[in-house]
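Below you'll find the structure, written out as structure tokens, and then a few comments.
No value in this document is a laboratory result; all are computed from the given coordinates. Small disclaimer: the values here were computed from a predicted structure and weren't measured. Here the Cβ is made from the backbone with ideal geometry for all residues, glycine too, and neighbour counts use every protein chain on show.
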Ligand SMILES: Nc1ncnc2c1ncn2[C@@H]1O[C@H](COP(=O)(O)OP(=O)(O)O)[C@@H](O)[C@H]1O
Ligand SMILES: [Mg+2]
């Protein structure tokens, strides 16, 4: 299907199925039940799953295929966000042109950063990308946030290009030459896809369950599916093969008449464009862009997502992104009260002890859990969640094969 | 005039004059061996031919064109392929993929952006890679991880990868170093067969006299960065200076 081989078609269909049914799959617990807090099927979080999925898919094209570890990919996320915001402010609230500008601008930015950073490899490349990202952060935070209108004017550039610490926001005074300045309610207008508002949603009640279908989620999910499809094509293309060859042995590649530089730059730019797309989508879901989106922790997060899910695998980065965002939003909500409720059946002393032991790993301490998980994955499962899944499958299959074999033995024995 | 003309090449590393006044002419369609004791500058000379090092003085002409100042991939595209002392292959890729990469390089040049077409639809490249692997008796191993192959097979694969580019000059740096006798003999046979089948010039650096005298039509002896003599194998064997400088210690 779509020019994919069988195995990849199956994977793609599974991913389509999962993303389309996500509002059901992520809401397995009935509303009002004690477990409902583990439901992840609300639009805001589902959008984050797919948007960070795109970010990680793109990062994996660079890191997974070529082995070059960029530590500054959040810069492109930020550029994408600011680009989309300016599109909203200047032209109109349709998300398509906004996303196009996000992708183009972050791509151009990636040409510049990539061209310079790729003069070095290994740790020096990582440091260079980190330096560029932190410079971008500083630019967004202060340099580009100075008043560019002049002291007595309150215009568009009152807070510069980026809005500084508070970020870039929509205002009813924005020109928006191709659309309404304000929404129907007089407030700032809402991003839309040819009229379909991103924040619109319908709810469906089935018994005690409530499922929410949000336009924003489905739009983001479609974009992610396209991004995922393109990534499969890249992985299976001659270009993808060259990138893996670069990771494997650059010396041999040189002496095989191939020039690694343009291949690397192309990979870097494609990967930067994915990040820009993700940044643009964030703004399309929630029109506000701040400099913290470019901070080094954001660059580090996508590295964690990719490694946790499985570097160099097709689906791994999406899984990693989902897991981290789930932990960030769900695990962090559990507090000691909830823990006490769970362990109320224990004798008092024991209950307190258990709660005290678990407490550091939940709520704000979710980072601790993430850190431990990350260590465990790097040490025991270098292939990430994907390798974990493969091992489980192999074990199950192995047991099945064994069962069959003992069945066969059992069949033979009576005949003796 | 030879296909490769090295004139007055000198190369200094800090205080060490690794090469001085090297003149070498390799005639087209011959096997030319460069021998010499350890540290004589053989690898350094080879590195000057493929763009890994730039000599301080002198000129290197391949087929009438200077290679100096060009990067390794450009020199390779001119028609010079190189086999390394320890096999350099794409260890993380399959044997078939290893074979396909030089076929792509031959077909598309040093850079071609094809990020959307599937590798499995590149039938001409697949066909060529398959033929090369069959020629080298590696076809049964096509799906193997290249890293998992034996040293001898890695060497075969590396040579096959170089040949897939249809080079006019094949450079080999001690291709049998560290090999068992059987593997060494296989490599000799392989190189003989290659020479018989194609129009190719081979320049080989070798330590093993058995290999040199089985293959070479012409031999240059390098000592302390300078060519001592250049002659036919028969004359080299009997040359007193050579026996003294080199053969005496290892033959
Ligand atoms: N990159 C380098 N930097 C400094 N010295 C080098 C370098 N490469 C080779 N040499 C020195 O140059 C001399 C010749 O080395 P090489 O060409 O490897 O000899 P051979 O291959 O004949 O054994 C040796 O003394 C070696 O130590
Ligand atoms: Mg050497």
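Could you tell me, in Å, what Rg and Dmax come out for the Cα atoms of the range A:6-329?
20.4, 66
When chain A is modelled as a GNM with alpha-carbon springs shorter than 10 Å, which of A:129, A:166, A:306 fluctuates the most?
The residue that fluctuates most here is A:166.
Using helices alone, I'd like the mean residue ellipticity at 222 nm for chain B: each DSSP H run of four-plus residues gives -39500 (n - 2.57), total over residue count, nearest 500.
-10500 deg cm²/dmol
Post the alpha-carbon centroid distance, the range B:1-52 to the range B:172-251, in whole angstrom.
Centre-to-centre distance over Cα atoms comes out at 15 Å.
Computed over the Cα atoms of the range B:54-126, what is the ratio Rg over Rh, Rh following Kirkwood? Each step should come with its number before you reach the end.
Values: Rg = 15.5 Å, Rh = 14.8 Å.
Radius of gyration relative to Kirkwood radius: 1.05.
When you look at the Cβ of every residue in B:93-103, what mean number of other chain Cβ atoms sits within 10 Å?
3
Just to verify a number: FRET efficiency for residue B:116 and residue A:124, C-beta to C-beta distance, R0 = 35 Å, to 0.05?
Working: r = 32 Å, r/R0 = 0.91.
Calculated value: 0.65.
Which value in deg cm²/dmol, rounded to the nearest 500, describes the helix-derived mean residue ellipticity at 222 nm for chain A, given -39,500 (n - 2.57) per DSSP H run of n ≥ 4 and division by the residue count?
Numbers: 16 runs with 259 residues, N = 416.
Rounded to the nearest 500, it is -20500 deg cm²/dmol.
Could you check what % of the DSSP bridge pairs in the protein assembly as shown are antiparallel, to the nearest 5?
Numbers: 30 of 48 bridges.
Restricted to the protein assembly as shown, the bridges split so that about 60 percent are antiparallel.
Would you please state the base-10 log of I(q)/I(0) at q = 0.12, 0.13 1/Å for the range B:2-140, with intensities from the Debye formula using one equal scatterer on every alpha carbon?
With no solvent term, the Cα-only Debye profile gives -0.63, -0.72.
Distance in nm between label sites at residue A:169 and residue A:251, each 7 Å beyond Cα in the beta-carbon direction?
For residue A:169 paired with residue A:251, the spin-label model returns 5.8 nm.
List the relative contact order of the range A:6-329 as a percent without decimals, with contacts defined as Cα pairs under 8 Å and 6+ residues apart. Display every interim value, and only then the final one.
Working: 589 pairs, mean separation 113.1, N = 324.
Reported relative contact order: 35 percent.
Peptide B:155-164: average number of partner chain Cβ atoms within 10 Å per residue? Don't skip to the end; give the middle numbers.
On the way: counts 0, 0, 0, 2, 0, 0, 3, 2, 0, 1.
Mean shielding by partner chains, rounded to a whole number: 1.
Averaged across the residues of B:67-77, what count of C-beta atoms belonging to other chains lies within 10 Å of each residue's C-beta?
Numbers: counts 0, 0, 0, 0, 3, 8, 9, 3, 3, 5, 4.
Going residue by residue through B:67-77 and averaging, the value is 3.
How fast does the protein assembly as shown diffuse by Stokes-Einstein, in µm²/s, taking the Kirkwood radius from C-alpha pairs at 20 °C and 1.002 mPa s? Walk me through the numbers before you get to the answer.
Working: Rh = 29.2 Å.
The estimated diffusion coefficient comes to 73 µm²/s.
Please report, in whole Å, how far the alpha carbons of chain B spread along each principal axis, starting with the longest.
In descending order, the Cα extents are 59, 40, 33 Å.
Would you calculate the separation in nanometres between label points at residue A:5 and residue B:27, each defined as 7 Å from the Cα along the Cα-to-beta-carbon direction?
4.9
If you fit an axis through the alpha-carbon atoms of helix B:181-197 and take the longest principal axis of the Cα set of chain B, what angle between them do you get, 0 to 90°, nearest 10?
It works out to around 80 degrees.
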